[in-house]
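Below is one structure, written out as structure tokens; the observations come after it.
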Amino acid sequence: MSTSPFFHNLASAYQAELDDLSSDSEGRDVLRQRLADKRRELGFLRQMIELSPEMVAVVFHQGFQFKQPKRLEQLISLASEDLPGWDSLADAVTLQPWARPLSLEILKEPMGDWFLTVAAGLEYLYGKPGKAPASAADGDEQDGDEDTDRDRSNGRDADGDGDSEDGYDGDGRHEAGEDWLADQGFDRKD
């Protein structure tokens, strides 16, 4: 599977957003409640579609059914500006009944069509069979693939030389993260 830098970066942020919503300060599972709250706040969240799509995409968590995984594999390999329109995915992705009214609200936005495509890609990556979420990468290994994924997330390929096939190294990923945080208004650590 080839994941574009666009989806690679957003998938990590999407995972982190869901992790943040999952439990309260006492460790209780509150994901369902917090997602319901986010869905009620969609009117406000729509403003963030272009700037922070991962923060809005969580309202569609578990809202997609993927009928043609190969089409989604192709989708997640594309750059942001090359994504197809939402309507072009009609035969590959369907929305759960509860998510349809939310999608109609999103489609009223200028970037709504693009956003639904992004949200579908993020949810596909999150729930992709055989792909351990980032938080589970430290758990028990079932085969050697987890080592390769973990090494790449640390900026090394399976050979340990840092030249991973997706073109990212640890420093580049760190720098991209710093740039993104600075764009969000946070101070740089350096």
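The values are calculated or read from the model by the stated rules, or taken from the named source; none is laboratory data. As the structure is a prediction and not an experimental result, all values here were calculated from the model. As a convention, Cβ positions derive from the backbone with ideal geometry for all residues, glycine included, and neighbour counts pool all protein chains shown.
Let's see how each residue does on (1) in contact (Cβ under 8 Å) with a residue 40 or more places away in the chain; (2) not polar (S, T, N, Q):
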| residue | (1), (2) |
| --- | --- |
| Leu10 | yes, yes |
| Leu18 | yes, yes |
| Ser22 | no, no |
| Arg40 | no, yes |
| Arg46 | yes, yes |
| Ser52 | yes, no |
| Phe64 | yes, yes |
| Leu83 | no, yes |
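Of all residues in region 86-107, those that are touching a Phe, Trp or Tyr at 6+ places or on another chain (Cβ under 9 Å) and either of a type outside the set (Gly, Ala, Ser) or within 12 Å of Val118 (Cβ to Cβ) (or both) total 8. Can you find even one residue in region 52-61 that is assigned to a loop (DSSP other than H, G, I, E, B) and either assigned by TED's automatic domain parsing to the domain that holds Pro97 or modelled with pLDDT under 95 (or both)? Looking for residues that are assigned to a loop (DSSP other than H, G, I, E, B) and either assigned by TED's automatic domain parsing to the domain that holds Pro97 or modelled with pLDDT under 95 (or both), one finds at least one in region 52-61, hence yes. May I ask you to verify whether Leu95 is surrounded by 13 or more Cβ atoms within 10 Å (Cβ to Cβ), over 24 Å from Gln184 (Cα atoms) and at pLDDT 95 or above? Judged against the criteria, Leu95 is a match. Within this structure, Gln33 passes the test of being farther than 21 Å from Thr3 by Cβ and among the polar types (S, T, N, Q).
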